[in-house]
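Values in this text are rule-based calculations from the coordinates and carry no lab data. As the structure is a computational prediction, the values presented were derived from the model and not from experiment. With ideal geometry, Cβ positions are generated from the backbone for all residues, glycine too; neighbour counts draw on all protein chains shown.
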Amino acid sequence: MPTGTMANNPIIIDVSTTPVSYNPSQDVKQGDTVVFTLGNALHATATISFPNGTCLTTSGPYTLGGPTLSTTPLVVSPTAAKGDYPFEVDFNSGLESQARKGHEWDRKNGGIDVTSDPPKEARR
């Protein structure tokens with residue numbers, strides 16, 4: 001089997017958990033796919049943004065909520081430089097209790113870590 005078949009198995013980033021959770025991890029390589037999801041938080045809404053630039057081919061921000069419980073698979077750019085790409089999540093669970101009224105949105109932070117330099121072939 002050729003190498004690179006792992007790109008078909010996306011890294012799942014669940015923004016409904018605190019802290020944000022990653023399956024299998026936040027480590028990615030160029031060409032991998034990433035999916036942001038609300039997990040089991042069916043009434044939640046979230047906006048994910050990369051304030052310092054992204055390693056993904058689609059820059060965002062990405063909005064989840066209503067019928068959109070996850071993003072389509074997003075591709076890590078073949079020319080993404082090695083390093084950490086922090087993101088911010090503005091999250092509303094949609095299940096606010098009276099005790100929390102007025103405190104509807106939470107800010108969460110996460111990151112995607114590109115673990116290798118881009119392959120030389122990607123620069124041709």
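Within 10 Å of each residue's Cβ, count the other Cβ atoms and sort 12, 112 from fewest upward.
Working: 12 16, 112 25.
Listed from fewest to most nearby Cβ atoms, that is 12, 112.
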All-pairs Cα distance distribution in segment 5-123, expressed in whole percent, bin size 5 Å: 2, 12, 22, 24, 17, 11, 6, 4, 2, 1, 0, 0
In nm, spacing of pseudo-spin labels at residue 9 and residue 82 (7 Å Cα→C-beta vector): 2.4
